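The values are calculated or read from the model by the stated rules, or taken from the named source; none is laboratory data. Note that the structure is predicted; figures quoted are calculated from it, not measured. Please note: Cβ atoms are built from the backbone with ideal geometry, for glycine as well, and neighbour counts cover all protein chains shown.
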Amino acid sequence: MSEAPANQGKAAVDNSRRTWLITSCAMGGVGAAAVAVPFVSSFQPSERAKAAGAAVQVDVSTIAPGEKRIVEWRGKPVWVMRRTPEQLATLEKDEAQLADPKSERTAFPTPEYAKNRTRSIKPEILVAIGICTHLGCSPGDKFTPGPQPSLPDNWLGGFLCACHGSTFDLAGRVFQNKPAPDNLEIPPHYYVSDNMLLIGEEKPA
């Protein structure tokens, strides 16, 4: 009669040990997963790294003629615009009215590959930081030519900073006698393929 309680007691101990082992294994698995998640995520750029200047890729083949796309780099808006042939034709016509048509001022040095009329590697693609060089406002799009409020009657298209009236052509070059002291800044960039643009890095030597 005494064997039954003894067997029950042994079974209870065995069950307790089994439960303890299962719980320990489960907790160990959770701990391993907790360690693995930050380890795996460490392969991805952190938000701090992005803010510090991690490069940004843009597929320019998805940008239609006349369209401007905005991406963020170092916390700044970067414009990527595909200019039409008609828009490109305005760049020469504007030059007599520009303060720095050849991008020679040094407040915001222009990369050598953008020291041209289009201020770009590919003539049709403008890559510029969309911050006015006066006091840091963001200019608005004024692509439609012709007389408009705050713009001259012979306006050919470009950008207007509504804060203090600085105007820029479709290459981001500032017009004469405006508060902005310099053209829009051109960030470092290059094409890793025909259509893939990398903003934030110079082309490897």
Filter result for the condition that a residue is in contact with a Phe, Trp or Tyr (Cβ under 8 Å, 6 or more places away or on another chain) and either on the phi > 0 side of the Ramachandran plot or not assigned by the TED database to the domain that holds residue 83 (or both), over 140, 158, 165: 158
Among the residues listed as 144, 106, the single one being of a type in the set (S, T, N, Q) and farther than 19 Å from residue 180 by Cα: 144
Of the candidates 138, 150, 166, the one satisfying the condition of being farther than 29 Å from residue 194 by Cβ, among the small types (Gly, Ala, Ser) and within 19 Å of the chain's Cα centre (by Cα) is 138
Considering every residue within region 62-77, establish whether at least one is farther than 19 Å from residue 175 by Cα and assigned to a helix (DSSP H, G or I). yes
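Being more than 23 Å from residue 181 (Cβ to Cβ) and touching a Gly at 6+ places or on another chain (Cβ under 9 Å) narrows it down to one of 54, 64, 89, so name that one. Walk me through it before giving the result.
On the way: 64 fails: touching a Gly at 6+ places or on another chain (Cβ under 9 Å); 89 fails: touching a Gly at 6+ places or on another chain (Cβ under 9 Å).
Only one candidate qualifies: 54.
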